[in-house]
Every structure is written in structure tokens, then in C-alpha cells.
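Input: a single structure, listed below in C-alpha cells.
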Amino acid sequence: MWLKASCELKFSITSPTPFVFMLRPRSGAQQWVAAEEYLLFPSVPAIEFTDDYGNLCQRLIAPVGDFTVYTSATIRTSSGVDTHPGGAFVEIEHLPDSVLKYLLPSRYCESDRFGDMATEITANQLLGYDQVATIESWLQTHIQFVPGGSTLPLSATEVNQKQIGVCRDMAHLGIALCRSLSIPARLVVGYLHELQPMELHAWFEAFVADRWYTFDATQHTKKGGYIAIGYGRDAADVAIYNQFGPAVIPIEQNVRVEEINVTQ
């Protein structure tokens with residue numbers, strides 16, 4: 001399916017403010033970026049770099065006054081989500097080097113605290129994909145999903161205690177549970193077609209059967225329309241923007257995702 005996704009962030013800047021944005025999706029195994037637009041109002045110099053996770057990031061200094069960032073992309077992505085019931089657990093010694101960092105505890109995914117819990121949740125499941133699918137189902141049953149319910153990221157431990165969270169928080173707990181079973185897992189941020197309410201979204205991927213598979217406890221049906229912008233260990237790695245100095249939050253944020261027809 002072909003999707004056009006856009007994000008507009010509007011800020012009111014009181015002093016020159018350094019920003020690092022992460023708003024450009026990149027082509028990969030699951031998506032192809034056919035066209036892009038990236039606009040800054042007012043126009044200021046920006047430097048792009050690729051971070052340690054392969055994400056495309058932009059550095060700039062926002063001037064005093066109203067400042068707007070607008071990005072859009074036309075992307076071909078899958079109309080479904082790949083599944084692999086019975087997909088095998090990958091032994092640690094056979095994991096690609098680039099995947100190993102997604103086994104370790106991180107700021108928001110304290111996987112070293114969830115071993116007994118994860119073992120209990122996935123008891124009697126085949127090692128690998130079926131364990132992750134069971135974790136996804138457990139999250140849907142036990143954690144209340146409340147869109148817009150929190151502005152600051154919660155750690156996996158906090159989500160488990162509160163039993164409530166936004167998409168990012170639920171993904172954090174899912175990642176921690178997977179890693180505690182020695183299954184690599186990472187956070188993904190981006191867009192989802194027909195998400196309600198429409199906003200930027202977060203889900204997680206787990207590495208089983210020699211590849212990454214998508215899991216999203218906020219969605220009760222397996223559907224496509226995902227567009228990934230960034231990958232990382234947790235929310236600390238995949239912030240859509242980081243700003244430095246006095247706190248600045250968007251005064252307006254507009255996100256749109258629509259299916260389009262593209263003539264071949």
C-alpha cells in the first residue's frame with residue numbers, strides 16, 4: 001500500500017534553542033521512501049547525521065519567535081504484518097553482532113528485573129516467536145492502553161506497577177519481558193495508518209527466526225500501514241526531537257496519514 005504521512009510541529013521560541021530532530025523515515029526491508037519534503041519556517045541552516053542506530057537526524061538552532069518544522073513522505077509499505085507462529089528462538093552465539101545491544105537492560109527497559117515474570121507469562125510456549133506473541137497478548141489483557149495518558153516516558157517497572165500507559169510505555173514493558181528471555185527487542189517510533197486518535201505511534205520489534213517481527217499491544221488485529229521513523233533500545237534513543245536549554249514543547253502538533261493511489 002502507498003501512504004503519505006506528514007508531521008507538523010509548531011514552537012514558540014524565547015531564546016535561540018539547539019534542537020536535534022528525528023523526523024525522516026528511511027527505506028528498508030519493510031518500506032520504500034519514494035518522495036520527501038522537509039521544510040523549516042523560518043529557514044535556518046541544518047546539518048543531518050546518522051546516529052548509532054541508523055536513524056536520520058537533523059541538528060539546528062531554532063531562532064526566537066514562531067518556529068515550525070514540517071515533514072512529509074510518500075512511502076510504500078506492507079498492507080499486512082508478517083507473522084511466524086513457531087518461529088525459532090535464535091541462540092545468542094548465532095545472533096548478528098548488530099542485534100546484541102538489544103539484549104541488554106536500558107534506561108526504560110530494566111530487563112534484568114523481569115526474568116521470573118516473563119518465564120511465568122510464557123510458560124509452556126515454544127521458545128521464540130510464540131513467547132513474544134504471548135507477551136503481546138498479556139499486555140493487551142493486563143495493561144490499560146490510554147492514548148495521551150502520559151507525557152513523560154514510563155519505565156517498564158513503572159508501567160507494570162501502574163498497569164496503565166500509552167503506546168510507548170506498553171512497548172517498554174514488552175521489550176523488557178522479551179530481553180529477560182534473551183530475545184532481542186527494540187522500540188520503533190513512526191506512523192500507523194488509521195490510528196485513532198491520529199498521532200505519532202510507538203511499537204516494538206523482536207528478533208526471532210533470524211529477522212525482526214512487529215508486535216503492537218495497542219492493536220487487537222494484525223494490520224499493516226506501519227511507517228518506521230526511528231529504532232532504538234527505548235524512548236531515550238528515539239525521541240522525535242531533543243532540545244537543549246529551557247524546556248520547549250510544541251504549541252501545536254499535526255499528524256496525518258492517508259492512503260494514496262500511485263500510478264506505476
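Tabulated data for the structure shown
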{"item": "Members of the range 7-28 that are in contact with a strand residue (DSSP E or B) (Cβ under 8 Å, 6 or more places away or on another chain), in contact (Cβ under 8 Å) with a residue 24 or more places away in the chain and part of a loop (DSSP other than H, G, I, E, B)", "result": "PRO16, PRO25, ARG26"}
{"item": "Enumeration of residues in the range 185-197 that are within 15 Å of the chain's Cα centre (by Cα) and either in a loop (DSSP other than H, G, I, E, B) or surrounded by fewer than 22 Cβ atoms within 10 Å (Cβ to Cβ) (or both)", "result": "HIS193, LEU195"}
{"item": "The range 21-49: number of residues that are of a type outside the set (Asp, Glu) and more than 17 Å from the chain's Cα centre (by Cα)", "result": "15"}
{"item": "Qualifying residue in the range 63-84 (condition: under 25 Å from LYS222 (Cα atoms), among the β-branched types (Val, Ile, Thr), under 18 Å from the mean Cα position of the chain (by Cα) and not in a strand (DSSP E or B))", "result": "yes"}
{"item": "The range 124-172 - residue that is more than 17 Å from the chain's Cα centre (by Cα) and part of a strand (DSSP E or B) and, of those, nearest to TRP212 (Cα to Cα)", "result": "GLY128"}
{"item": "Test: residue in the range 157-180 that is in the same structural domain as TYR213 (by TED's automatic domain parsing), aliphatic (A, V, I, L, M), buried (at least 23 other Cβ atoms within 10 Å of the Cβ) and farther than 24 Å from HIS84 by Cβ", "result": "yes"}
{"item": "Sole exception among (1) surrounded by fewer than 23 Cβ atoms within 10 Å (Cβ to Cβ); (2) more than 19 Å from HIS84 (Cβ to Cβ); (3) free of Cβ contacts under 8 Å to residues at least 40 places away in the same chain; (4) of a type outside the set (A, V, I, L, M, F, W, C) for HIS201, by number", "result": "(1)"}
{"item": "Residue satisfying all of: in the range 237-246; in contact with a Leu (Cβ under 9 Å, 6 or more places away or on another chain) and not in a strand (DSSP E or B); nearest to VAL64 (Cα to Cα) among these", "result": "ILE240"}
{"item": "Residue in the range 191-204 that is at pLDDT below 95 and among the polar types (S, T, N, Q) present", "result": "yes"}
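Okay, residues lined up against (1) touching an Asp or Glu at 6+ places or on another chain (Cβ under 8 Å); (2) under 22 Å from VAL238 (Cα atoms); (3) of a type outside the set (Phe, Trp, Tyr):
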| site | (1), (2), (3) |
| --- | --- |
| VAL64 | no, no, yes |
| PRO96 | no, yes, yes |
| LEU100 | no, yes, yes |
| THR119 | no, no, yes |
| LEU126 | no, no, yes |
| SER137 | no, no, yes |
| SER150 | yes, yes, yes |
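Yes/no per residue for (1) in contact with a helix residue (DSSP H, G or I) (Cβ under 8 Å, 6 or more places away or on another chain); (2) assigned by TED's automatic domain parsing to the domain that holds PRO105; (3) of a type outside the set (Gly, Ala, Ser); (4) in a strand (DSSP E or B):
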residue: GLU199; (1), (2), (3), (4): no, yes, yes, no
residue: PHE204; (1), (2), (3), (4): yes, yes, yes, yes
residue: THR214; (1), (2), (3), (4): no, yes, yes, yes
residue: GLN219; (1), (2), (3), (4): no, yes, yes, no
residue: ILE229; (1), (2), (3), (4): no, no, yes, yes
residue: ALA235; (1), (2), (3), (4): yes, no, no, no
residue: VAL248; (1), (2), (3), (4): no, no, yes, no
residue: VAL255; (1), (2), (3), (4): no, no, yes, yes
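The values are calculated or read from the model by the stated rules, or taken from the named source; none is laboratory data. From a predicted model like this one, the values you see are computed outputs, not experimental measurements. We place every Cβ from the backbone using ideal geometry, glycine too, and count neighbours over all the protein chains shown.
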